[in-house]
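The values are calculated or read from the model by the stated rules, or taken from the named source; none is laboratory data. Given the structure is predicted, the values throughout are model-derived calculations rather than measurements. When we count neighbours, we look across all protein chains shown, and the Cβ atoms used for this are built from the backbone with ideal geometry, even at glycine. These area figures cover heavy atoms from the full protein model, side chains too; ligands, DNA and RNA do not enter into them. Shrake-Rupley method; radii C 1.70, N 1.55, O 1.52, S 1.80 Å.
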Amino acid sequence: MPEVERPLVVVANRLPVSRGPDGWQASSGGLVTALRPVIEEAGGAWIGWDDDPDGVPSRVDGLDCELHAVELTVPQVRGYYHGFANRTLWPLFHDLVVQPVIDRQWWQTYEAVNRRFAERVERVLQAAPATALVWIHDYHLMLLPELVRQRSGGSPIGFFLHIPFPPPELFARLPWRDQLLNGLLGADAIGFHTAQYRDNFIRSVQRLFSGVTAIGDTLVLPDGRQVRAVAHPISIDADEFSELANTDDTERELAELCDQFAGRKVFLGVDRLDYTKGIRHRLQSLELLLERNPQLRRETAFVQIAVPSRDDVQEYRQLRTSVETEVGRINGRFTEPGHDVPVHYLYRGVSRTALAAYYRLADVMCVTPLKDGMNLVAKEFVTVQAASKGTGVLLLSEFCGTAMEFNDDAVRTNPFDVEGQSYLMESVLGLDEVERRARLRRMAEVVRAADVYRWVHDELAGIERGSLGL
Ligand code: ADQ
């Protein structure tokens, strides 16, 4: 547990709740799990946008924290969220895997919505029993640290970026680059997943703001105030996934899957359906693999589970169409009469139990994003496999944050090299079992040693230290 004993005010684009068949409930993600003890001990609030027409309750079962919904109009959501956040910042910060759209109106809406969030933070801070720590999350709210500083009356302010920070020469393409940096520099500490993203940020500040001096990871502003830029890799609740690996429900689901895929090696992909995740490149590698190896058409299966994502955005609708076309083409080319299709495509989210069963089933987990801030699927997979004494192999893109932590224990792939990736998919099937287990054990140890609780601890302690100028 972090030493922080002040109330905590978390600000994120969305609230950590969803409406299920039995009413409102806390979301099941790792961030909520990790923050729960901190918020419940010191008291706290969560501020986020919610579009439920009936309104979100101020509290829900399972999360002892005040919920403050920021209401936005339909045009505001269009400009701030679908537009500037998801069509400008997201592609720009993921190394331009698609072209960002530059639109002045979206930018103005982004500014207006960040101001709206700031007003709400101000009200919540005024009602707080003691000076609260404000922890702001992600690229939707990059102007917020400075806006909160102007209104906060001395609260420590932290910001964490869940996506990569791009190299300065890419970041500089944004017409509003100065405003975004200025917004972030309102924080006492700015967190990134990796040292590389942190250094990209520091280099961008140095390139664009000549009055700011960088001393190691501390930025000294012209007025003498210091801002710390830190690298803290986010993670999962390793204990939770280790337990989930061996529950009766997981065993039951696994037994069904083993029947379904009996006698075949299973390749698995689990992603939000996002163009950064490299799903199309992965399918193209599979196609080459099956083209070269006719015997594998019966002996392997590829399961792709894709959660629907951002389907209000044109690029995501196009991606869905092209993924479904690829799947259809591969199955059309390689399904043999009387045999199962090679690709099983599930366009939906699955339960945590089902997820654990698929992780256990997989012989090869394909985590092959073109760019990804961290990637939690890779951490979940190695944890579940190690806890169940599995022998699965992790094929991991060198362009995600997780790759920096796992080094050579994952089989590294360059997903842009579709053909090279197809040869890797082939060669990993021959990896020795003892070697596979040893690699899984080492990767699971890395995850356990730096789990999501440690991340919360390091982040909050870093924000406290930053606010004291230490
Ligand atoms: P995401 O891009 O959403 O997160 P990721 O880190 O992989 O990516 O997290 C996805 C989560 O969703 C995982 O916990 C996974 O289990 C779950 N999930 C994925 N597909 C699912 C499915 N079909 N059914 C059920 N659950 C599914 C962003 C950044 C990442 C960064 C995280 C956290 O893009 O780089 O790691 O935030 O900071």
Worksheet item: Sequence-distant or interchain residues sharing an amide H contact under 5 Å with T300, placed H: which?
Response: K265
Worksheet item: Under the definition of Cα pairs under 8 Å and six or more residues apart, what whole-number percent is the relative contact order of the chain?
Response: 15
Practice prompt. Indicate the gyration tensor shape class of the stretch 238-449 (rounded, prolate or oblate), computed on the Cα atoms with a ≥ b ≥ c the square roots of the eigenvalues: a/c under 1.5 is rounded; otherwise a/b larger than b/c is prolate and the rest oblate.
Written response: rounded
Worksheet item: How would L221, L470 rank on accessible area, largest to smallest, probe 1.4 Å?
Response: L470, L221
Discussion item. Using only the Cα atoms of the stretch 160-301, what are the Rg and Dmax in Å?
Written reply: 23.2, 68
Worksheet, complete the sentence: So, relative contact order of the stretch 238-449 in percent, Cα under 8 Å, 6 or more apart, is 26
Discussion item. I'd like the accessible area for Y345, computed on protein heavy atoms only with a 1.4 Å probe and all protein chains in place. Round to 10 Å², please.
Written reply: 50
Worksheet, complete the sentence: By accessible area (1.4 Å), largest first, K265, K389 order as K389, K265
Discussion item. Using the Kirkwood formula on the Cα atoms of the stretch 118-172, what hydrodynamic radius do you get, in angstrom to one decimal?
Written reply: 12.4
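Considering the convex hull of the alpha carbon atoms of the chain, report its projected area averaged over all viewing directions, in nm², one decimal.
22.0
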Item to complete: Convert each backbone phi in the stretch 377-387 into a coupling constant with the Karplus relation 6.51 cos²θ - 1.76 cosθ + 1.60 (shift: θ = phi - 60°), then list the ³J(HN,Hα) values in order as whole Hz, x for Gly and Pro.
Response: 4, 4, 5, 5, 4, 5, 5, 5, 5, 5, 5
Worksheet item: Under a straight-distance cross-link criterion of Cα-Cα below 23 Å, which lysines are reachable from K371, leaving out those fewer than 8 residues away in the same chain?
Response: K277, K379
Fill in: By accessible area with a 1.4 Å probe, ligands and nucleic acids excluded, highest first: order of E405, E251
E251, E405
Item to complete: Find, to one decimal place in angstroms, the Kirkwood hydrodynamic radius of the stretch 224-276, where the mean of 1/r is taken over every pair of different Cα atoms and then inverted.
Response: 15.6
Worksheet entry | Shape parameters for the stretch 334-397, alpha-carbon atoms, Rg then Dmax in Å | 13.6, 42
Fill in: the stretch 1-136: C-alpha gyration tensor shape, a/c 1.5 cut-off, then a/b vs b/c
prolate
Worksheet item: Could you give the semi-axes, largest first, of the ellipsoid that matches the stretch 148-188, computed as the square roots of 5 times the alpha carbon gyration tensor eigenvalues and rounded to whole Å?
Response: 24, 12, 6
Worksheet entry | Nearest-10 value in Å² for the accessible area of R412, using the 1.4 Å probe | 100
Discussion item. Over 26 Å apart: what share of the alpha carbon pairs of the stretch 59-181 falls there, rounded to a whole percent?
Written reply: 26
Worksheet, complete the sentence: For L170 the rounded accessible area (nearest 10 Å², probe 1.4 Å, non-protein molecules ignored) is 30
Item to complete: Using R₀ = 51 Å, calculate the FRET efficiency as 1/(1 + (r/R₀)^6) where r is the Cβ-Cβ separation of R207 and D248; round to 0.05.
Response: 0.35
Discussion item. Give me the mean projected area, in nm² to one decimal, of the convex hull enclosing the Cα positions of the stretch 146-238.
Written reply: 6.7
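222 nm [θ] for the chain, helices only, -39500 (n - 2.57) per DSSP H run of 4+, per residue, to 500?
For the chain, the value works out to -13500 deg cm²/dmol.
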Practice prompt. Beta carbons within 10 angstrom, averaged per residue: use that to sort the peptides 431-440, 354-363, 126-135, 377-386, highest first.
Written response: 377-386, 354-363, 126-135, 431-440
